[in-house]
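Notes to accompany the following structure.
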Amino acid sequence: NILDILKSENVKATFFVIGSKVAGRESTLNRMRSEGHSIGLHTFTHQYNKIYKNNECFVNEMNQAENTIKNVTGISSKIIRFPSGSNGHMDKPLMDELHSMNYKIFDWNLCLSDGINHNTPVNKLYKEGTEKCVNPNRIFLLAHCGAENKNTCTVLPEIIRYYKNLGYEFRPITNDT
C-alpha cells in the first residue's frame with residue numbers, strides 16, 4: 001500500500017529494511033528498487049538484546065542485512081538506521097568502525113508514533129507529521145510500514161500533500177547522500 005501511495009504521489013522514499021523479514025517479500029524489495037526508492041539497513045533481526053550486546057554484534061547484524069538485500073536486489077546499501085535511533089547506542093569506536101566500512105548513519109527529526117502503536121489515530125499521526133519538526137529545513141520523517149500500520153497508509157497522502165504545498169521536495173537517501 002505504501003508503494004502504491006508513493007507512486008500515485010510521485011514521491012521517492014527510503015525504506016530501512018530488517019534483513020530477516022526479506023524472505024517471502026523479495027518482489028516487494030525489488031519493486032522498491034525498480035521504482036526508484038532507496039533501501040537502507042535496519043539490522044538483520046531487530047532484536048535489541050542481540051544487536052546492542054556489543055559493537056561487533058551490531059556490525060555483524062548490519063553486514064548480514066546488507067548481504068541479504070544484495071542477494072535479492074543486486075545492490076549494496078551502505079545507509080543504516082539504528083533501531084530506536086543512534087542516540088545512546090553509538091559510541092565513537094562503533095561510529096569509526098561503521099565509517100571505515102563506508103556505512104552512513106541516519107536518524108530522523110520528525111517521527112510518527114506508528115512504530116510504538118500501530119493503532120495511533122489518523123488525526124494524531126497527521127499532527128505528528130506536520131507540527132513537530134526540529135529542523136524544518138531538512139526533514140527526515142520516520143514512519144513505519146508494517147502490515148499492521150493501516151493508519152499510516154491513510155495519513156501518508158495527506159502528509160505528502162502538506163509538504164508539497166509548502167514547496168518541499170522528496171528525495172530518497174542514497175549512498176551518495
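Here are some notes:
- With K and R counted +1 and D and E -1, the other residues having a Cβ less than 15 Å from that of Ser8 yield a net charge of +1.
- Taking the charge dipole of region 79-136 about its Cα centre, with +1 at Lys and Arg Cβ atoms and -1 at Asp and Glu Cβ atoms, the residue from Ile105, Leu125, Ile79 reaching farthest to the positive side is Leu125.
- In order along region 103-111, the phi-based Karplus estimate (6.51 cos²θ - 1.76 cosθ + 1.60, θ = phi - 60°) of 3J(HN,Hα) comes to 6, 10, 9, 10, 10, 9, 10, 8, 9 Hz; Gly and Pro are listed as x.
- Of the trypsin sites (Lys or Arg not before Pro) found in region 43-110, the ones in coil according to DSSP and having at most 15 other Cβ atoms within 10 Å of their Cβ are Lys53.
- Under 13 Å, Cβ to Cβ, from Ser77 - net charge with Lys/Arg +1 and Asp/Glu -1: +3
- In terms of accessible area, using a 1.4 Å probe and ignoring ligands and nucleic acids, Ile2, Ile159 rank largest first as Ile2, Ile159.
- Calculated [222 nm] ellipticity per residue, helices only, for the chain: -12500 deg cm²/dmol; basis is -39500 (n - 2.57) per DSSP H run with n ≥ 4, divided by all residues, nearest 500.
- For the chain, the Kirkwood estimate of hydrodynamic radius, built from reciprocal distances between every pair of different alpha carbons, is 16.9 Å.
- Sequence-distant contacts, meaning Cα pairs under 8 Å at least 6 residues apart, place the relative contact order of region 43-145 at 21 percent.
- For region 1-56, with +1 on Lys and Arg beta carbons and -1 on Asp and Glu, the positive-most of Tyr52, Asn10, His42 along the dipole: Tyr52
- Simple point charges give the picture: +1 on the Cβ of Lys and Arg, -1 on the Cβ of Asp and Glu, and for the chain a dipole about the Cα centre of about 240 debye.
- Exposed-loop-free span, longest in the chain, where GluC sites (Glu not before Pro) count as exposed if DSSP calls them loop and at most 13 other C-beta atoms lie within 10 Å: 36-147
- Simple point charges give the picture: +1 on the Cβ of Lys and Arg, -1 on the Cβ of Asp and Glu, and for region 82-172 a dipole about the Cα centre of about 340 debye.
- Virtual spin-label span in nm between Ile105 and Asp176, 7 Å along Cα→Cβ: 2.5
- For the chain, a Gaussian network of Cα nodes joined below 10 Å ranks Asn55, Asn117, Asn109 by mean-square fluctuation, and the top entry is Asn117.
- Charged-residue dipole, Cβ positions (Lys, Arg, Asp, Glu), region 1-105 about Cα centre, Debye nearest 20: 160
The values are calculated or read from the model by the stated rules, or taken from the named source; none is laboratory data. In this text, all values refer to a predicted model and were calculated from it rather than measured experimentally. Backbone-built Cβ (ideal geometry, glycine too); neighbour counts: all protein chains shown. Accessible surface areas use protein heavy atoms only, side chains included; no ligands, DNA or RNA. Shrake-Rupley method; radii C 1.70, N 1.55, O 1.52, S 1.80 Å.
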